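Undergrad: There's a structure below that I have some questions on.
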Amino acid sequence: MELPKFLLGDNTDHPTAIYIIHTQYPRFVINLENDEVEWFEDFTPEDQKELETEAENLVAEATAFYDREVSRYDE
């Protein structure tokens, strides 16, 4: 079974937080309430430099995923 690239996450201990989980490398969770990102990977300094642009794109994709999912709930 292949997981979707993004998943929505919820936690009643954090009722205003909206979590998006990115399941592919580099794996992370973003809280859309405050844009905090928690990476599940350990990166070398070289990886971190390369990741900067990719991270911006992945966060934009995560936000677009959330917008798409919410619009589907409204239908």
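Undergrad: If each DSSP helix of 4+ residues adds -39,500 (n - 2.57) and the sum is divided by the residues in the chain, what number results at 222 nm, nearest 500 deg cm²/dmol?
TA: Numbers: 1 runs with 30 residues, N = 75.
Theoretical 222 nm ellipticity from helices: -14500 deg cm²/dmol.
Undergrad: Follow-up. Would you please put 11-19, 32-40 in order of how densely packed they are, using the mean number of other Cβ atoms within 10 angstrom per residue and starting with the highest? Numbers along the way, then the final one.
TA: Working: 11-19: 10.3, 32-40: 12.0.
Highest mean packing first, the order is 32-40, 11-19.
Undergrad: Then there is this: State whether segment 32-75 is rounded, prolate or oblate according to the following rule on the C-alpha gyration tensor (a ≥ b ≥ c being the square roots of its eigenvalues): a/c under 1.5 gives rounded; otherwise a/b larger than b/c gives prolate, and the remaining case gives oblate. If you can, show how the numbers build up before the last one.
TA: On the way: a/c = 3.59, a/b = 2.67, b/c = 1.34.
Note, shape of segment 32-75 comes out prolate.
Undergrad: Would you mind calculating the relative contact order of the chain from Cα pairs under 8 angstrom and at least 6 residues apart, reporting the percent as a whole number?
TA: On the way: 72 pairs, mean separation 15.5, N = 75.
Result for the chain is 21 percent.
Undergrad: Can you give me the accessible area per residue for segment 34-75, using a 1.4 Å probe, in Å²?
TA: 83
Undergrad: Any chance you could tell me what percent of the C-alpha pair distances in the chain go past 19 Å?
TA: Counting pairs separated by more than 19 Å, the tail of P(r) holds 38 percent.
Undergrad: If exposed means no more than 14 neighbouring beta carbons inside 10 Å and the site is in a DSSP loop, what's the longest run of the chain without any exposed trypsin sites (Lys or Arg not before Pro)? Walk me through the intermediate numbers first.
TA: Working: sites that count: LYS5, ARG27.
The answer is 28-75.
Undergrad: Over what distance in Å are the Cα centres of segment 18-37 and segment 51-75 separated?
TA: Each part's Cα centre sits 10 Å from the other's.
Undergrad: Can you tell me the 0 to 90 degree angle between the C-alpha axis of helix 45-74 and the longest principal axis of the chain, rounded to 10?
TA: Around 10 degrees separate the two axes.
The values are calculated or read from the model by the stated rules, or taken from the named source; none is laboratory data. Computed from a predicted model, the values in this text were never measured in an experiment. As a convention, Cβ positions derive from the backbone with ideal geometry for all residues, glycine included, and neighbour counts pool all protein chains shown. These area figures cover heavy atoms from the full protein model, side chains too; ligands, DNA and RNA do not enter into them. Shrake-Rupley method; radii C 1.70, N 1.55, O 1.52, S 1.80 Å.
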